[in-house]
Amino acid sequence: MLIVGEEARYVCEGVGVDELRKIVEAKHAEFTKIIVVGDNFSGVFPYENVIISKSLQEALEEAVKSTGEGAIIVSMVKTWR
């Protein structure tokens, strides 16, 4: 499972919609599910295995709920740390 995107309220420079679209288009078939974090990405991805999440926390909860033991979750969400 892949989690990508941004928590916009915490970053000064966001993730480009076109850039993220290219990544998801190229890699969506390689993942059981892709969770995209961020309101800017709603309606952008026409793939059944891509869902939009409002926050990183919500995405992580969905990822844990949707995967079984031994699954790999890759999270690359731009956020302020």
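How many residues does segment 32-78 contain that are hydrophobic (A, V, I, L, M, F, W, C), more than 20 Å from Asp18 (Cβ to Cβ) and in contact (Cβ under 8 Å) with a residue 24 or more places away in the chain?
Qualifying residue count, segment 32-78: 8.
Give the residues of segment 32-51 that are part of a loop (DSSP other than H, G, I, E, B) and either buried (at least 18 other Cβ atoms within 10 Å of the Cβ) or in contact with a helix residue (DSSP H, G or I) (Cβ under 7 Å, 6 or more places away or on another chain) (or both), sorted by residue number.
Of the residues in segment 32-51, the ones part of a loop (DSSP other than H, G, I, E, B) are 32-33, 38, 42-49.
Correct list: Lys33, Gly38, Val44, Phe45, Tyr47, Asn49.
Run down Ser66, Ser53 and say which single residue is modelled with pLDDT of 85 or more and more than 11 Å from the chain's Cα centre (by Cα).
Working: Ser53 fails: more than 11 Å from the chain's Cα centre (by Cα).
After ruling out the rest, the residue left standing is Ser66.
Considering each residue of segment 28-44, count those that are more than 21 Å from Gly68 (Cβ to Cβ) and at pLDDT 90 or above, and give that number. Outline the logic, then answer.
Keep residues of segment 28-44 that are more than 21 Å from Gly68 (Cβ to Cβ), which gives 36-44.
Pick out the ones that are also at pLDDT 90 or above and you get 36-37.
Counting residues in segment 28-44 that are more than 21 Å from Gly68 (Cβ to Cβ) and at pLDDT 90 or above gives 2.
Just checking, which of Ala63, Ala59 is surrounded by 19 or more Cβ atoms within 10 Å (Cβ to Cβ), in contact with a Ser or Thr (Cβ under 7 Å, 6 or more places away or on another chain) and assigned to a helix (DSSP H, G or I)?
Numbers: Ala63 fails: in contact with a Ser or Thr (Cβ under 7 Å, 6 or more places away or on another chain).
On inspection, the qualifying residue turns out to be Ala59.
Any idea which residue in segment 14-29 is nearest to Val77 (Cα to Cα), counting only those that are in contact (Cβ under 8 Å) with a residue 24 or more places away in the chain and surrounded by fewer than 19 Cβ atoms within 10 Å (Cβ to Cβ)?
Gly14
The values are calculated or read from the model by the stated rules, or taken from the named source; none is laboratory data. Every value quoted in this text rests on a predicted model; they were computed, and no experiment measured them. Heads up, the Cβs are rebuilt from the backbone with ideal geometry, glycines too, and the neighbour counts pull from every protein chain shown.
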